[in-house]
Structure formats: structure tokens, C-alpha cells
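Below: one structure, written as C-alpha cells.
The values are calculated or read from the model by the stated rules, or taken from the named source; none is laboratory data. Keep in mind it's a predicted model, so treat the numbers as computed, not measured. Methodologically, a virtual Cβ is constructed for each residue, glycine included, from the backbone with ideal geometry; neighbour enumeration extends over all protein chains shown. These accessible areas exclude ligands, DNA and RNA; they are computed on the full protein's heavy atoms, side chains included. Shrake-Rupley method; radii C 1.70, N 1.55, O 1.52, S 1.80 Å.
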Amino acid sequence: EDENATGRSHHRVTTKGYNVPECVATFEAIRDRYGISTLILSNLSKNGYSHPTGIQSYGIPILLESRDLAAISPTGTGKTLSYLLPTFVSLRAPSASADVDCGSGVRAIILAPTRELAHQIHNECLKLAQGRKWRIVLFSKASANTFSDKAVRDKVDIIVSTPLRLVASLQSGSLLLNNVRHLIFDEADRMFDREFLPQVEGIVASCTHPSIQKAVFSATLPANAEKIAMDILRDPIRVVVGLKDT
Ligand code: ADP
Ligand code: MG
């Protein structure tokens, strides 16, 4: 176990796992190391994001190095961007554009326990993707229905959904997850309880791409939820951001 102080913030960051990538202090450092399009970089500053938060400094390199991640960081510390930025960087280009051969069907799934939260995440996606033709779908009954058209579902890049909504489409056969490369659980403590577990397991089993990356984000991860996370993740790195002296 190795401990690092972030210096700038009031948070203490602890990491656990092998070969933990070095954290980054600036978004420019992320660009220099991994490549971020000028557009996304300018969307960050447009939204007033000048420096990565603690969980972003640690989480973004881990995800960009294709590792699985369990990230525990308090509410309001910027967990959303921690997974959105790497997702956009990894996907490289929208499915609808000709300059990338990425297979067909949705490539990233972001799951949230409630519709309101899924809606907020979708809005963050749109802000970050502004100016580029990503197809980012907030799953609802209506948007799910458009997936009966193969031409529509093949061009979708990212789906934001609750587990229940997604499972309904999986069961109707209108949605295939075999090309999903990034599966993200936000507010995982609320999804890894008994109520959602069968749905979560069904979704994980449907994501059959061999190089899928999975990540779990939460403000807290009680022992039972942590156990489920560790069953789902493969050789994960665990990052915990905590208040100092707590
Ligand atoms: P969490 O999911 O950890 O509760 P959010 O992702 O919802 O946190 O972010 C909390 C707030 O902080 C949001 O208003 C978001 O726009 C803002 N935020 C996120 N990252 C940064 C950053 N690097 N710089 C400034 N503000 C940020
Ligand atoms: Mg959040």
C-alpha cells in the first residue's frame, strides 16, 4: 500500500494495486501523456475546469492505461469527469465517423442508480463532447425503442442508463452489449445491493468483449458492496480519497 498527499487539496489519496500509473497534476499533462483532442481540452476550460481534482489526477491515468478501477471519493470531488474524460479519449472518434474502425454497437455504458443521476451524467457528457458528433443516449423507454433500428443502434457511442432500463432492452433483444469496451458504475454503493444485483450481474454477463474495462465509482463502498465490486473487476486498482485526519 502506498500513500500520497495531493498537496494542493485538502484530501489524502491512497492507492492499492500493482503498477499504479503516476498521477497527473494538470489536464495538459494528460494531453501530453495520452493525447486529448484540442476540442475536449477547450471544452474543459470552457466549463471552468482548470485543474484536475484528486480523484481525477489519479483515476484518469489509471483508466487511460486500461486498468480496472474502484474509486472511492466524497460527493462533490468530480468523480463524473474522472470516468468521462478517459472514456472520450479511449473511444477516439464517434462511431458514425469514417476515421475509426471500432466494430458496431455501443462502446461505453455508464450506469447510475436513478434516472435523475443518469440525466445529470448525460448532461456532463454533452458538455464535454460539444462540437463533436458523438451519439450519447440517455436511455428511456422512448430512446430504447429507437434501437429496434440496427442503423440507429450501430452508431451509438455511449449509453447512460439505470440498470433496470438497460436490462429491459437486453431482455427484449433490441440491445447487444458485445462491443462494450467501458462499463462504468456510478454511485456503485447504491447499485451493488440486493435490489439491483441480479440486473447488474445480467449486464456484466452481457458485456462479452474480451478487452472490456470496468470501473466503479462511489462516495462510500461498504464491505458487501466492495465484495461485489471485487468480483466484477479484474486486477483493479483501488483509489481512496479521504478528508485529512479522518
Ligand atoms: P461527484 O460525482 O464526486 O459528487 P461531480 O462529478 O458531480 O462530483 O462534480 C461536482 C462538481 O464539481 C460539479 O459541479 C462539476 O462540474 C465540478 N467539477 C468537476 N471537476 C472539476 C474540476 N476539475 N474543476 C472544477 N470543477 C469541477
Ligand atoms: Mg457523482
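What residues have an amide H closer than 5 Å to that of Leu138, excluding those fewer than 5 places away on the same chain, when H is modeled at 1.01 Å from N in the peptide plane?
Val160
Run through the stretch 138-246 and list the GluC sites (Glu not before Pro) located in a DSSP loop whose Cβ has at most 16 other Cβ atoms within 10 Å.
Those that pass, being in a loop and sparsely packed, are Glu195.
Choose one of Ser161, His209, Pro61: the residue whose Cα lies farthest towards the positive end of the charge dipole of the chain (beta-carbon charges +1 Lys, Arg; -1 Asp, Glu; about the Cα centre).
The residue sitting most towards the positive pole is Ser161.
Please get the size of the charge dipole for the chain, origin at its Cα centre, with Cβ charges of +1 on Lys and Arg and -1 on Asp and Glu, quoted in debye to the nearest 20.
Using Cβ point charges on Lys, Arg, Asp and Glu, the chain gives about 660 debye.
Please find, in a Gaussian network model of the chain (springs between Cα atoms separated by less than 10 Å), the residue of Asp235, Asp189, Asp154 whose mean-square fluctuation is greatest.
Answer for the Gaussian network model of the chain: Asp235.
Rounded, prolate or oblate, given the Cα gyration tensor of the chain, with a/c below 1.5 counting as rounded?
In terms of gyration-tensor shape, oblate.
Count the lysine pairs in the chain whose Cα atoms sit under 25 Å apart, keeping only pairs 8 or more residues apart in sequence or on different chains.
23
Where a ≥ b ≥ c are the square roots of the eigenvalues of the C-alpha gyration tensor, would you call the stretch 33-93 rounded, which needs a/c under 1.5, or, failing that, prolate if a/b is larger than b/c, or oblate?
The shape class here is oblate.
I'd like the distance between the alpha-carbon centres of the stretch 85-147 and the stretch 198-239, rounded to an integer number of Å.
20 Å
At a 1.4 Å probe radius, which order do Arg181, Arg92, Arg190 fall into by accessible area, largest first?
Heavy-atom accessible area, descending, gives Arg92, Arg190, Arg181.
Under the Kirkwood approximation for Rh and a Cα-based Rg, what ratio Rg/Rh is obtained for the stretch 155-222?
0.95
Along the stretch 106-112, what does the Karplus equation 6.51 cos²θ - 1.76 cosθ + 1.60 (θ = phi - 60°) give for ³J(HN,Hα), rounded to whole Hz, x for Gly and Pro?
4, 10, 9, 10, 10, 10, 9
What nm distance separates the two modelled labels at Ser140 and Glu124, each placed 7 Å from Cα along Cα→Cβ?
2.1 nm
Does anything in the stretch 90-130 have its amide N under 19 Å from the 7 Å Cα→Cβ label point of Asn178, and if so which residues?
The answer is 101-109.
Once a ≥ b ≥ c are taken as the square roots of the eigenvalues of the Cα gyration tensor of the stretch 132-246, is the result rounded (a/c under 1.5), prolate (a/b larger than b/c) or oblate (a/b not larger than b/c)?
It comes out prolate by the Cα gyration axes.
Working out 0.36 nm times the residue gap between Met230 and Arg115, then minus their Cα-Cα distance, what length gain in nm do you get to one decimal?
So the extension gain works out to 38.9 nm.
Can you compute the charge dipole magnitude of the stretch 147-246 about its Cα centre, using +1 on each Lys and Arg Cβ and -1 on each Asp and Glu Cβ, nothing else charged? Give it in debye, rounded to the nearest 20.
For the stretch 147-246, the charge dipole is close to 240 debye.
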